Amino acid sequence: QVQLVESGGGLVQPGGSLRLSCAASGLIFSRNAVGWYRQAPGKQREVVGLINSAGSTIYADSVKGRFTISRDNAKNTVYLRMNSLKPEDTARYYCNGGDYYYTLRGDFTSWGQGTQVTVSS
């Protein structure tokens, strides 16, 4: 059974930065695609970006150039570095992973608790 733990969220001013972490048990990140997702109140969960098993990354247009996904294979942890944060980035952030196309669509039945990111002055 896969267990995912997201951490690193918090309150940050516009223009600030945060780094989120995603740790897993039951899933080896280096052998799978891993995605970051977010869900704002009243909105559907959306994909922020993903890293595939080869280490290549893709990002949603809304975060391209500001967010960076990286992976530490030794720690089986994936990170989401978020720079130049905007109020519209406020959401609960989740990670998940597995097959590339499921990850791209965020097509999972089980999710972790997520971590809240609030961008406000």
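The values are calculated or read from the model by the stated rules, or taken from the named source; none is laboratory data. Please read all numbers here as calculations on a predicted model, not as lab measurements. In this analysis, Cβ positions are derived from the backbone assuming ideal geometry, glycine residues included, and neighbour counts consider all displayed protein chains. Protein only, heavy atoms only, side chains kept; ligands, DNA and RNA dropped before computing areas. Shrake-Rupley method; radii C 1.70, N 1.55, O 1.52, S 1.80 Å.
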Flagged pairs (Cβ under 7 angstrom, 6 or more apart or on separate chains; first in the stretch 4-21, closer than 13 Å to Arg81 by Cα; second open to solvent by 30 Å² or more (accessible area, probe 1.4 Å) and of a type in the set (Lys, Arg)) are Gly8/Arg19; Arg19/Arg81
Result of the Cβ filter at 6 Å on the stretch 58-85, keeping first residues that are touching a residue at least 24 places away in the same chain (Cβ under 8 Å) and partners that are of a type in the set (S, T, N, Q), at least 6 apart or interchain, is Ile69/Thr57; Asn73/Ser30; Thr77/Ser21; Tyr79/Ser21; Tyr79/Ser70; Arg81/Thr68; Asn83/Ser17
Among the residues of the stretch 63-83, the number that are open to solvent by 60 Å² or more (accessible area, probe 1.4 Å) and over 10 Å from the mean Cα position of the chain (by Cα) is 5
Gly42 meets each of (1) open to solvent by less than 60 Å² (accessible area, probe 1.4 Å); (2) part of a loop (DSSP other than H, G, I, E, B) with one exception, condition (1)
In the stretch 90-121, residues that are open to solvent by 10 Å² or more (accessible area, probe 1.4 Å), within 29 Å of Gly15 (Cβ to Cβ) and outside any loop (DSSP other than H, G, I, E, B) total 5
